[in-house]
Amino acid sequence: MDTAQRVLAATGHELEAVPVVTFTERVSRRGRVFAVPDRLSRLPVSRAMATITLPLHVSWSEPGRVSRLADRTQRARAYEVLLREGRPADISAYVDGALLVDLWDELVLPRDVRDAWAPVIAAALDVDA
């Protein structure tokens, strides 16, 4: 471990342990399955602010939907769709935890989705859900 740290330090890097995010599938009152992580993760800025095309299985009602995540309003709409329809890989790829927390009170989500995600948001803020 010391050797790895020295090698990384020589290249201007450091070793970092990042918690593994695990997802649980939940079923909404309407019988739709949605994914909820046990913790929020952070994305590199370039990915958190990217222009993305949501996958068809996420944005099935608007195929080819493009979202500029650097735009707060577009990011909010994308996050709403991702939290309702996204698979764990989609959420991990496009949702930045800090930006989600910042938008949380403004997001329009079904009650069961909001309730399932609320403890994760509260944990990130270190408050009770």
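What to note about this one:
- Shape call, the range 29-95: gyration tensor on alpha carbons, a/c limit 1.5: oblate
- In terms of overall dimensions, the C-alpha atoms belonging to the range 1-64 reach 53, 27, 13 Å along their principal axes, ordered largest to smallest.
- Distance (nanometres) between label positions extended 7 Å along Cα→Cβ at residue 28 and residue 42: 3.1 nm
- The angle separating the long axis of helix 72-85 from the principal Cα axis of greatest extent in the chain is about 80 degrees.
- Three-way shape label, the chain, alpha-carbon gyration tensor, a/c 1.5: prolate
- Distance between the 7 Å Cα→Cβ label points at residue 50 and residue 125: 2.9 nm.
- Helix axis angle, 111-125 relative to the chain longest principal axis, alpha carbon, degrees: 20 degrees
A short reminder: the numbers here are calculations on the coordinates, not readings from a lab. Worth saying up front: this structure is predicted, and the values here are computed from it rather than measured. Counting neighbours? That spans all protein chains shown, and the Cβs are built from the backbone with ideal geometry, glycine included.
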